[in-house]
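Here the structure comes first, spelled out in structure tokens, and everything after it is commentary.
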Amino acid sequence: MCRHLAYLGRPRSIAELMLEPEFGLLRQSYAPRDMRGGGTVNADGFGVGWYPPGAESGPARYRHDQPLWTDSSFRALAAATESGAVLAAVRSATVGMPVVSTACAPFTDGHWLFSHNGMVTGWPHSIAELAGQLPVTDLVTLDAPTDSALLWALARDRLARGLSPERVLAGLVTEVAETARGSRLNLLLTDGVRIYATAWSHALSYRATAGSLVIASEPYDELPGWVPVPDGHLVVGGEGEAHSMPISGAAGPGPAHEHLDAIADSRGA
């Protein structure tokens, strides 16, 4: 079912975020604490994307199809690489889906990084109608023939059409959950400035402190400040702050939708 996290704040080494915490992604790759019936280990690859200081061309990325604990080269890279904006994930492949590096999050396009923690039930038939909304070129150039890669293609297409990230994620979760009932749809998206995440039938927590924000599948330490995200909620945040709201309503007109508009207006003020 995978585990993921996104971080915004002062520059920190990737090792500080992924490898060094007591219950970080390294530990979660072989002994996760809150998988909720979605597997026991996350050993089918991993990936990390980060925004180099001053980079204009978008995030850098490293992906590998082997367990995180086996990649000694990555340890050196992670210790030497710092960033103030990171998205990382470890993968547990759904049965029948390929174990290849291109199937590992984060997926990227332009300045975006994206991850999916969960599964689409009834894949691929349950989501065929939604997939049919995409241009054929998007379908034949998926990173991998997986549910996560298709979810990213759908999200990317909607972002390119000018929809806000909040509405993209909320709408996508709502539509997929309707056609593929029982799916687990924890989506994580960042542009290096804001983080957007959904909690849908799986664990999610965040911690906002002065000048930083972490949103993660599960807390990577036992320090205070972690806030569990209720199931069926969307979280939006930046350095030092986060807001959550029900996904139902966030994808269309109504009070939650108006709340999203208010958040967007305050960011632009």
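Where a number appears in this text, it was derived from the coordinates with a stated rule and is not lab data. None of these values were measured; they are calculated from a predicted model. Every residue, glycine as well, gets a Cβ built from its backbone with ideal geometry; the counts of neighbours run over all protein chains shown.
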Next on the checklist: No solvent, one uniform scatterer per C-alpha: report log10 I(q)/I(0) for the chain via the Debye equation at q = 0.12, 0.13, 0.15 1/Å, two decimals.
Outcome noted: -0.65, -0.78, -1.08
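How high is the relative contact order of the chain, in percent, with contacts defined as C-alpha pairs under 8 Å that are six or more residues apart? Working shown, then result.
Working: 602 pairs, mean separation 54.5, N = 269.
About 20 percent, as a whole number.
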Checklist entry - When only alpha-carbon atoms count, how far does the stretch 1-137 stretch along each of its three principal axes, as whole angstroms with the largest first? => result 43, 36, 24
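Using the Cα centre as the reference, give the magnitude of the dipole from point charges on the C-beta atoms of the chain (Lys, Arg: +1; Asp, Glu: -1; all else neutral), rounded to the nearest 20 debye.
Using only the charged Cβ atoms, the result is roughly 240 debye.
Please return the longest range in the chain lying between exposed loop sites, taking trypsin sites (Lys or Arg not before Pro), DSSP loop only, at most 15 other beta-carbon atoms within 10 Å, and leaving the sites out. Intermediate values should be presented prior to the final figure.
Numbers: sites that count: Arg33, Arg36, Arg161, Arg181.
Looking at the chain, 37-160 is the longest stretch - no exposed trypsin sites (Lys or Arg not before Pro) with at most 15 other Cβ atoms within 10 Å.
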